[in-house]
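See structure below.
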Amino acid sequence: MPLWLREHHWHQTPTAVFLSLPLRGARATPANIFCSERYLKVSIPPFLFEAILYAPIDDTNSTAKIGNGNIFFTLYKKEPAMWDSLTLENADKEKLQYLRENAVLKAQQKAKEETEAKKATKEEHKKYALEATMKLEEAERKRIEDLKEKERQKVTEELELWKNQQKDADKYKSVQKEGELHQEIGQLKERKNEKMTKTRIPNEGTSKSRPKPTKGHASCSIFSPNVKEEQLPAPRSAATIKVNFTPRVFPTALRESRVAEEEEWLHKQAEARRTVSADLSELEDLKEEEKNPDWLKDKGNKMFAMGNYLAAVNAYNLAVRLNNKLPLLYLNRAACHLKLRNLHKAIEDSSKALELLTPPVPDNEGARVKAYVRRGTAFCQLELYTEGLQDYEAALKIDPKNKNIEKDAEKIRHLIQGTMQGS
């Protein structure tokens, strides 16, 4: 049999009702609270609190906060007015039963509508993602076709140029052959004229003897082997020339360079190349732009905004494997681990982000505040309130005007005091 919680405190304004319900040591969760327009119920076995409200409220914007052994309700009225009492008085059992059943039915109907709305939204997102993917694939296909067409035009132009060059070379060869042929014909005519001239001289010795050719240009053919041997130049002697260069990566002279800084830069570049060229099976099916850590970080941020925390963690994991020196990757992954209740991993990522956010400068103040708050939140959820308070106080030193952090730190102090008093 349930124990009714009769002790409660409430006050009101024309637009809202503020209700405080002590839990008597019981531990409550949001699942123990049910609220509708006219019906409020808190069931924490063996305790039970039930109220038929005096007038309708806006159950969508109304809130309930659990802390310090109490549940604090903020119930916003649908119509501004002052209530005579918190609950409806002088109502018979049938009316109370009707209001109770009607509240439950309305809550079930609302939950069903929200489920259908989420389902419709999910279908719309899938449809939009499919359309976007199809557009990207169409754009990629068009880009590839354009590249093929450009290459085809380039090859066609090169082929036409080669054909024209071949035609010009053939023309030049034909003209050269014609010139050589005319030259040879002229030489033959000159030799024939010489012979005819010599036969006309009345000299028996010379007429009987065979005329000896002279060593002039017109006395021999260009196809004579002796002439060809005389015209060929001597072969060049073979030799090897060695050229030595100073092994320098940077363009500056050695006397103007800073050797230590250059060596550190080269070491970092080599480490980055080894990281990118590592044997990662995840990179085989990815495009080149998808191997960029900044692109993966943006993708993880989008997944986090959509509530897909596991996908966001996967994107951040791959980005960290590509570049483990970006503090924002660890900071965002810590937020995902908080949502997934992976508290120890959230503490590790926040600590790594703080380690990379050194030295502390004004440009990284916001990131350091987030890292301290997320690590402090993880500590508090592990009930390590002292460590959590230290992180919140460190965040307050960086941003002392942040009221939200100050309020959370004050709550942690009250929890620590309550724990000490209880012990």
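The values are calculated or read from the model by the stated rules, or taken from the named source; none is laboratory data. Here the structure is a predicted model, which is why all the values come from computation and not from measurement. All Cβ positions, even for glycine, are placed from backbone atoms using ideal geometry, and neighbour counts span all protein chains on display. These area figures cover heavy atoms from the full protein model, side chains too; ligands, DNA and RNA do not enter into them. Shrake-Rupley method; radii C 1.70, N 1.55, O 1.52, S 1.80 Å.
A compact table of results
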| quantity | calculated |
| --- | --- |
| Lysines with Cα under 26 Å of K401, excluding same-chain neighbours fewer than 8 positions away | K65, K352, K370, K411 |
| Accessible heavy-atom area order of D170, D84, highest first, probe of 1.4 Å | D84, D170 |
| In nm, spacing of pseudo-spin labels at W295 and E50 (7 Å Cα→C-beta vector) | 6.0 nm |
| Computed E for K401/E262 - FRET, C-beta separation, R0 56 angstrom, nearest 0.05 | 0.80 |
| Estimated inter-spin distance, K339 and V175, nm [label 7 Å along Cα→Cβ] | 7.8 nm |
| Residues of segment 131-146 with amide N under 17 Å of a point placed 7 Å along Cα→Cβ from Q153 | 142-146 |
| Highest to lowest packing among 351-360, 150-159, scored as the average C-beta count within 10 Å | 351-360, 150-159 |
| Charged-residue dipole, Cβ positions (Lys, Arg, Asp, Glu), segment 99-171 about Cα centre, Debye nearest 20 | 500 debye |
| At R0 = 25 Å, FRET efficiency that the Cβ-Cβ distance of H11 and T60 yields, to 0.05 | 0.65 |
| Difference of contour (0.36 nm per residue) and Cα-Cα distance, L96 to T115 | 4.0 nm |
| Surface accessible to a 1.4 Å probe, I52 within the full protein complex, Å² | 20 Å² |
| Where only alpha carbons of segment 290-417 are counted, the Rg and the Dmax (Å) | 14.8, 50 |
| Rounded to the nearest 10 Å², the accessible area of V243 at probe 1.4 Å | 90 Å² |
| Extension gain, N324 back to R141 (0.36 nm per residue minus Cα-Cα distance, nm) | 62.4 nm |
| Largest-first ordering by accessible area, 1.4 Å probe, given options W83, W10, W162 | W162, W10, W83 |
| Most positive-pole-ward Cα, H125, Q183, L136, against dipole of segment 91-189 from beta carbon charges | H125 |
| Accessible area in the full protein assembly, largest first, 1.4 Å probe, for F304, F47 | F304, F47 |
| Exceeding the 19 Å Cα-Cα cut-off - candidates K119/K297; K122/K142; K297/K339; K122/K345; K126/K297; K41/K93 | K119/K297; K122/K142; K122/K345; K126/K297 |
| Theoretical FRET efficiency, 1/(1+(r/R0)^6), r = Cβ-Cβ of W162 and E194, R0 45 Å, to 0.05 | 0.40 |
| Where labels lie 7 Å past Cα in the beta-carbon direction, separation of E365 and W4 in nm | 5.6 nm |
| Lysines whose Cα lies under 23 Å from that of K148, excluding same-chain neighbours fewer than 8 positions away | K135, K163, K287 |
